[in-house]
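All remarks here apply to the structure that follows.
The values are calculated or read from the model by the stated rules, or taken from the named source; none is laboratory data. Here the structure is a predicted model, which is why all the values come from computation and not from measurement. A quick note on method: Cβ atoms are made from the backbone with ideal geometry, for glycine too, and the neighbour counts reach across all protein chains shown. These area figures cover heavy atoms from the full protein model, side chains too; ligands, DNA and RNA do not enter into them. Shrake-Rupley method; radii C 1.70, N 1.55, O 1.52, S 1.80 Å.
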Amino acid sequence: MSMNLYGKRSVHMGAPGAFVYLDIWVPRAKEDAQHIEIISSPKAEKLYAHVNETVARKVAANVDDFMRLVAEADAANERERNMTLKTAFSVYPKAIGWSIVLSSCLIMEGYDTSVMGSYAAYPAFMNHFGVLAKDGTHQIPPDWQNGISGARNAGEIIGLQFAGFLSDRLGYRWTLISALIVLTGLIFIPFYAENLKIFLVGNMLMGIPWGVFQTMTTAYAAEFIKAGVLVGLEHREDAWGYRIPFALQWIWPIPIAIGTYLAPESPWWCIRSGRKKEAEVSLKRLARSSGFNQRDADAAMALMIYTDEMEKQVSASTRYRDCFKGINLRRTEIVCMTWLAQTMSGTALGGLSAFFYEQAGIAPSDALKLSWGQTALGALGTIASWFVLNKVGRKKLMFSGMCVIFVLLIITGCMGIPDKQTTATSWAAGTMVLLISATADFSIGPIVYTIVSEIPSTRLRAKSIILSRNMYNAINVAFVNIISFRQLSPLAWDWGAKAAFFWAGTNLLFNTWIWFRLPETKGRTYAELDILFTNKVPARKFAQTKIETLLDGTEEVRKEQADRSTYA
């Protein structure tokens, strides 16, 4: 469909007196291509966006055959946009297999951080390192809990910065392999720790390779494994009651490093590094030969090159400060705020579930079993989200999940209002926390990773994810960990279930941001997202804005190139 059939109109939006205008594309009347009167209702009008002609002209000046490149890129874009999940499994089984191999690295990271972060649930650890509380139990002082969590987060921040530097120069494979080797040696520190100071140092140093892994998603299989280990060792009161879970971390690095070495490098990284031949080899290794011929490979290569060239014309460099310039500033805001929304939604209570259950009056053995059940529900919720994500959409799923969590937090807080806690109210509060975690694992948990990987430009994706994850870690160090431990600990504020009211307030604030600022990216390719952000389409108009083809907006440039070829 040619954009010449459409005319650009500035249409008033909002209440009288509100000076808000949008440029929209509406069909031209055949009898009058110069001026039309908009008489249809706003619902009948559709928003259209296309490639910026100035950007297209710069890309054309930077490539050999622009006409062929944009035609092949458009074909690949249509193939990607219309590909069903079943077709993706059929054409890219190798890509799925390699993703599982690399995700094993993330299962390890999830297990490691869960085990190291759940020390307060090990009776043996509490007896060895804890101090006697007024209720007769051994507890780790809140200051030490904050310090250990903060040290781990600080290490992750450092690791994330290293990841950005190393991945640009070494590629993703060798960055992961290096982190795995370092982690193998660092596990000895907490394993042989005899006091909280050494344990804290071990957490901080191990946080560095964990931070390298955090540019990708976290696997819930790790949580399930960890919960099973906890339940199996809950009655062991000697030092091996907490050392065995720590020692199991040594199982992962070597086999994962071997699998990572054998995996192909990211084709997108190869394109950004100017290694087009390596990109094509990697691309073919990710697809089944019977469903992915040379023509498909050429088209996919063209789409990656065209997307990369468009982004280079908008922002030529790939430094951290470029994430805060021009249209990339809006993208950086979205990925950072999405991460913050997840941690400020109230999931902090679920992250301290075993500790929370015990403070709510539930026996330690029952608390661990509830934690295991919570993890199982989380795994089921995450798997279920796969089947609704592309049907419901990213924004709707995240907004709805936040709303449900808000209601559950209010109910949980009400369970803590009676001065005298009964077994019934304690179990009710524990059940609400379990449901909060299950809801998060179905909605805001997995959806955040999808959003933060889709929103940034391909050239700044790694750095945008690093910035957003570092903001997530920083807010945990400076606020969430300090607040959550003090809210629940008998040695501090001892709010119990009433702490849920506080998180309901933060949930409401961030859900308001989601409603107004988070765009819907369902069904969009990276090239289409670049076009939408370049055209500054408002967040609430992303879903309605139509991009017919990647050819739209390049007509004049292609015509000029064709004329030059004719007269050459």
Other-chain or far-sequence residues with amide H under 5 Å of TYR48's (modelled H): TRP25, LYS546
Let's see if you can work this out: charge +1 on each Lys and Arg Cβ, -1 on each Asp and Glu Cβ, no other charges. What is the dipole magnitude of the range 388-488 about its Cα centre, in debye to the nearest 20? 480
Rounded to the nearest Å, what's the spacing between the alpha carbon centres of the range 285-309 and the range 411-478? Just the number, please. 37
Multiply the residue gap between THR422 and ARG517 by 0.36 nm, knock off their C-alpha separation, and tell me the result in nm, one decimal place. 29.9 nm
What's the FRET efficiency of THR137 with LEU329 using the Cβ-Cβ distance as r and R₀ = 60 Å, to the nearest 0.05? 0.75
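When the expected Rg is taken as 2.2 N^0.38 Å, what fraction or multiple of it is the alpha-carbon Rg of the range 473-568?
For the range 473-568, the normalised Cα radius of gyration comes out at 2.00.
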How many nm separate the modelled label positions at ILE198 and SER273, each set 7 Å beyond the Cα in the direction of the Cβ? 4.0
Would you mind counting up the charge near ASN481? Only other residues with Cβ under 13 Å from its Cβ, with Lys and Arg at +1 and Asp and Glu at -1. 0
How much solvent-accessible surface does VAL101 expose, in Å² to the nearest 10, with a 1.4 Å probe and all protein chains in place? 40
Separation between the TRP493 and PHE387 pseudo-spin-labels, each 7 Å from Cα along Cα→Cβ, expressed in nm? 4.0
Per the rule of 0.36 nm per residue minus the C-alpha distance, extending PHE501 to TYR261 adds in nm 81.6 nm
Taking all protein chains together and a probe of 1.4 Å, list MET204, MET301 from the most accessible to the least accessible. MET204, MET301
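Of SER178, SER290, which has the most accessible area and how do the rest follow, probe 1.4 Å?
If we order SER178, SER290 from most to least accessible, we get SER290, SER178.
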Positive minus negative residues near SER289 (Lys, Arg vs Asp, Glu; Cβ under 15 Å): +2
Under a crude label model (7 Å from the Cα following the beta-carbon direction), how far is SER99 from PHE479 in nanometres? 3.2
Length gained if ARG285 through LEU248 is fully extended, taking 0.36 nm per residue and subtracting the Cα-Cα distance, is 10.0 nm
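Under 8 Å for C-alpha pairs, at least 6 residues apart: give me the relative contact order for the range 444-568, rounded to a whole percent.
Working: 51 pairs, mean separation 23.5, N = 125.
Worked out over the range 444-568, it gives 19 percent.
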Cβ crowding within 10 Å averaged over residues, with 334-342, 393-401, 90-98 ranked highest first: 334-342, 393-401, 90-98
Could you pull out the pairs from LYS284/LYS546; LYS395/LYS536; LYS325/LYS463; LYS312/LYS541; LYS395/LYS498; LYS86/LYS522 whose alpha carbons sit more than 21 Å apart here? LYS284/LYS546; LYS312/LYS541; LYS395/LYS498
Sites ARG558 and SER453, calculated FRET efficiency, Cβ-Cβ separation with R0 30 Å, nearest 0.05: 0.40
